[in-house]
Amino acid sequence: MASGSASEFDSALGGTNEFPWTNDDSNSLETTDIELLKKAWRNEKASPEILHFQSDLVQRAREQIQLLEGTMDEFEDNNTDDLLVSIYQMDLDRALFLVRSYLRIRIFKIEKFIAHISRSHLWNRLSDQERNFAKRCIDIMEKHLQQCVLSRLPNGYQSFFKQSVSSVEDDMIPEPQLDTFVFCKSKGAVGAFQLDDIGDEIVDLVADDLYVLRYKSIKALVESGQVDLV
Amino acid sequence: MYGRRASRLLREITCCEPGQITAFNSDTFEQVCNECNEHHQQLLSLIKKIEDEQLDMETTRNEEHYGAVIHHLSLLRNKRCLMAYMYNRAEIIQSMRWKIGPVLPKEIHEKLNYSEEEYFKNHSTAIESYMSELDLDLTVDMIPPKDPYIQVRVLYDIGDVLLGDHSTSLKQNSVHSLRRTDAEKFISQGLMEEFVG
């Protein structure tokens, strides 16, 4: 998405400025909902595991989209300039895309790692609706595999979560690959940051520098919002 | 060799283009299931032998013990292969709900087994009820919008349609520039396609 479009978004979804292109206040960039949503979307897209659901943010964005849709209807009634209408329409479409894509990426992750999510702390990160979806998903997946594979196997080997009764832990569950590398950027200087447990690898995270690091090692920083994935 | 048939199943998945599905290989699948049960029979008889000789199960390390271990591990491997086969297919089936829609074309239907068809239906209903809880259709808008207007080619005669404030005649094979939001519903019904010139 072109960076120039950011100011259009701001005015359409946050500001009251009549002319979108005059709103070039860089301070507002970090604080408008659409910027926050973009950030949440990027983080979700780049991270291998599911992140906390931004429920307030999504709700606010959807309310603002509805408002904008109302404004669009008014424009149509008032015969406003076509160019202006299409710019607003573009804004609206892009914002809607962000919301949809954000929710969609999460659903894909739930579909993929359903068994892992339902049996770990990740469960708390889902929204109520996502939990309902996840519950149904795991039921039908379990039923399907039960029907096709597990019921045909000998006693003691029929568990969905374990390889056999002799396994101590659940060892049949696909988990996201947290070792994968991600591109990230920190907003403020984090300072010297330890990448591994032993303290052999320390990196000095400078604000606005781009890093390629293992997701696992910066997981905590992503969750606390100190570092953004790009 | 133990486990060879099961690996053949998985090779089918990896040889295939990503996102494409092959016909369910019920023959090999059956054979692997039978192999699992044979392993189990062997395993049980070896354990019985150890018990008959009144040896301690935990500490005995004779040929029966190692034979049993091999059968156990082969069984586990077969199970993992069978599960991976079904699971990977299920993932492809899930993705079809997003790419194709709630109704699958006949040629894909033929490649699924009974349980997979049921799985597709159930999964599809789960997605639909999630979307209705949200009151937002997530299956549209799959790529970021670039322009409020797009070029479309009409695939089937649609007739006169009121778009905005003027009516447009949508004849087969004609090309129009429409508002994306207007065109989307026709595209998802398969009545027109995006025209990339």
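Using the basic label-point model (7 angstrom from Cα toward the beta carbon), what is the B:Asp157 to B:Ser129 distance in nanometres?
Distance between the two pseudo-spin positions: 4.3 nm.
Amide H neighbours of A:Phe193 under 5 Å, counting only residues 5+ apart in sequence or on other chains, H built in-plane at 1.01 Å?
The answer is A:Val203, A:Asp204, A:Leu205.
Are there any trypsin sites (Lys or Arg not before Pro) in segment A:110-160 that are in a DSSP loop and have at most 14 other Cβ atoms within 10 Å? List them by number. The partial results should precede the final answer.
Details: sites: A:Lys112, A:Arg119, A:Arg125, A:Arg131, A:Lys135, A:Arg136, A:Lys143, A:Arg152; in loops: A:Arg119.
Those satisfying the criteria are A:Arg119.
Cut-off under 15 Å on the C-alpha distance; same-chain residues fewer than 8 positions from A:Lys162 excluded. Which aspartates and glutamates are left, in chain and number order?
Counting by Cα, and skipping residues close in sequence, A:Lys162 has these aspartates and glutamates nearby: A:Glu142, A:Asp170, A:Asp171, A:Glu175.
Filter A:Lys135/A:Lys185; A:Lys112/B:Lys79; A:Lys38/B:Lys106; A:Lys38/B:Lys146 down to the pairs with a C-alpha to C-alpha distance above 28 Å, please. Write out the running numbers ahead of the final one.
Numbers: A:Lys135/A:Lys185 35 Å; A:Lys112/B:Lys79 20 Å; A:Lys38/B:Lys106 40 Å; A:Lys38/B:Lys146 16 Å.
Those over the limit are A:Lys135/A:Lys185; A:Lys38/B:Lys106.
With a Förster radius of 30 Å, plug the Cβ-Cβ distance of B:Cys15 and B:Asp56 into 1/(1 + (r/R0)^6) and report the FRET value to the nearest 0.05.
Numbers: r = 47 Å, r/R0 = 1.58.
The formula returns an efficiency of 0.05 here.
I need the P(r) histogram for the protein assembly as shown: all alpha carbon pairs, bin width 10 Å from 0 out to the longest distance, whole percents.
Taking every Cα pair in the protein assembly as shown, the percentages come to 4, 16, 22, 22, 18, 10, 5, 2, 1, 0.
In Å and whole numbers, how far do the C-alpha atoms of chain B stretch along each principal axis, longest first?
92, 33, 28
Length gain on complete extension for the stretch A:Asn155 to A:Ile198, per 0.36 nm per residue less the alpha carbon to alpha carbon distance? Let's see the in-between values first.
Numbers: separation 43, 0.36 × 43 = 15.48 nm, distance 4.39 nm.
Between A:Asn155 and A:Ile198, full extension yields 11.1 nm more.
Would you mind working out the magnitude of the charge dipole of segment B:149-194 relative to its Cα centre, with +1 at each Lys and Arg C-beta and -1 at each Asp and Glu C-beta, to the nearest 20 Debye?
Working: 5 positive and 7 negative charges, 14 e Å.
For segment B:149-194, the charge dipole is close to 60 debye.
Compute the acute angle (0 to 90°) between the alpha-carbon long axis of helix A:82-112 and the principal axis of greatest extent of the alpha-carbon atoms of chain A; round to the nearest 10°.
For helix A:82-112, the angle is close to 10 degrees.
Using a basic spin-label model with each label point 7 Å from the Cα along Cα→Cβ, how many nm lie between A:Gln66 and A:Ser166?
Output for this residue pair reads 5.9 nm.
Applying a 10 Å radius around every beta-carbon, put A:56-66, A:204-214 in order of their mean neighbour count, most first. Write down the numbers at each step before the final one.
Values: A:56-66: 15.8, A:204-214: 12.7.
Ranked from most to least packed, the peptides come out as A:56-66, A:204-214.
DSSP loop trypsin sites (Lys or Arg not before Pro) in segment B:25-111 with at most 10 other Cβ atoms within 10 Å of their Cβ, which ones?
Values: sites: B:Lys48, B:Lys49, B:Arg61, B:Arg77, B:Lys79, B:Arg80, B:Arg89, B:Arg97, B:Lys99, B:Lys106, B:Lys111; in loops: B:Arg61, B:Lys111.
Answer in residue order: B:Arg61.
Only the coordinates and a few stated rules stand behind these numbers; no lab work does. These figures come from a predicted structure and were not determined experimentally. Positions of Cβ are generated from backbone atoms using ideal geometry, with glycine treated the same way; all protein chains shown enter the neighbour counts.
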